[in-house]
Structure formats: C-alpha cells, structure tokens
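Beneath this line is the structure, given in structure tokens, with notes to follow.
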Amino acid sequence: IGVGLVGFGLFFLLFGMLLYFDSVLLAFGNILFLSGLVFIIGFKRTFTFFFQRPKMKGTSFFLGGVVIVLMRWPLLGMLLEAYGFINLFR
C-alpha cells in the first residue's frame, strides 16, 4: 500500500508540474507521497526522521512548501519543497 501511495504521489506531482503547476494535483501528490512514506517506514520513524535537530531547517522548508501548495501558491510552494528536500537528503 505504501509503495503504491508513494508512486501515485510522485505521478501526481510530476503531472501537476507538467500541467503548469496545477495546485490541486500538486497538493494531492504531496498528501499521497507523505502518507505513503508513513505506510512504508511507520509513523514513529517518519516523525523521528523529519524532526531531528540537524534536519529541522530542511523539514521546515519542506513542510512549509506543502502548506504553501495547499494554500494554492504552487510555484512558491514547490520551490520551498525542493530546497527543503535538498537540505533533508544531503
């Protein structure tokens, strides 16, 4: 279930970017991606991964970008998410 949710989340994110940053598709993709991540590694591990002290800057930008996309500012939200994603996984 988790791999399917992550796959659909990535599909909707890419499809939303191809359709000139459609905010509904990007928001749906973000929600599916994060819920799939929780299904794959569990709620506790997901929480501890995102909220470690050295990763707080990346987490705040990533989750802030998700919130901005949900508020229908897709371009700014995706830029914040990309910066947060790079900070989380470097």
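The values are calculated or read from the model by the stated rules, or taken from the named source; none is laboratory data. Because the structure is a prediction, the values reported are computed rather than measured. No Cβ is skipped: glycine too gets one built from the backbone with ideal geometry, and neighbour counts run over all protein chains shown. Ligands, DNA and RNA are stripped out before the accessible areas are found, and what is left, the full protein with its side chains, is counted by its heavy atoms. Shrake-Rupley method; radii C 1.70, N 1.55, O 1.52, S 1.80 Å.
How much accessible surface does V38 have with a 1.4 Å probe, in Å² rounded to 10?
50 Å²
Quick check for you: with a 1.4 Å probe and neighbouring chains kept, what is the accessible area per residue of the chain, in Å²? Kindly include the intermediate steps, with their values, before the conclusion.
Details: 5980 Å² over 90 residues.
It amounts to 66 Å² per residue over the chain.
Averaging over every viewing direction, what projected area does the convex hull of the Cα atoms of the chain cover, in nm²?
Working: hull surface 21.0 nm².
With every direction weighted equally, the projected area is 5.3 nm².
From Cα pairs below 8 angstrom and at least 6 apart in sequence, can you work out the relative contact order of the chain, rounded to a whole percent? Could the numbers behind the result be given before it?
Values: 119 pairs, mean separation 24.2, N = 90.
So the answer I get is 27 percent.
Would you calculate, for the chain, the mean residue ellipticity at 222 nm contributed by helices, counting each DSSP H stretch of 4 or more residues as -39,500 (n - 2.57) and dividing by all residues, to the nearest 500?
Values: 5 runs with 74 residues, N = 90.
Per the formula, -27000 deg cm²/dmol.
Would you work out the charge dipole size for the chain about its Cα centre, treating the Cβ of every Lys and Arg as +1 and the Cβ of every Asp and Glu as -1, and quote it to the nearest 20 debye? Write down the numbers at each step before the final one.
Working: 7 positive and 2 negative charges, 90 e Å.
In total the dipole reaches around 440 debye.
Probe radius 1.4 Å, ligands and nucleic acids ignored: give me the carbon and sulfur share of the accessible area of the chain as a rounded percent. The partial results should precede the final answer.
Numbers: 4630 of 5980 Å².
Answer for the chain: carbon and sulfur cover 78 percent of the accessible area.
Per 0.36 nm of contour for each residue apart, how much would the distance between F21 and F8 grow if the chain were fully extended, relative to their Cα-Cα spacing? Don't skip to the end; give the middle numbers.
On the way: separation 13, 0.36 × 13 = 4.68 nm, distance 1.67 nm.
Contour length minus the Cα-Cα distance gives 3.0 nm.
Are there any chymotrypsin sites (Phe, Trp or Tyr not before Pro) in the range 1-81 that are in a DSSP loop and have at most 12 other Cβ atoms within 10 Å? List them by number.
On the way: sites: F8, F11, F12, F15, Y20, F21, F28, F33, F39, F43, F47, F49, F50, F51, F61, F62; in loops: Y20, F21, F51.
The qualifying sites are Y20, F51.
Could you derive backbone 3J(HN,Hα) for the range 69-81 from the dihedral phi with the Karplus parameters 6.51, -1.76 and 1.60 (θ = phi - 60°), listing whole Hz in sequence and x where the residue is Gly or Pro?
After applying 6.51 cos²θ - 1.76 cosθ + 1.60, I find 5, 5, 8, 6, 10, x, 5, 5, x, 5, 5, 5, 5 Hz.
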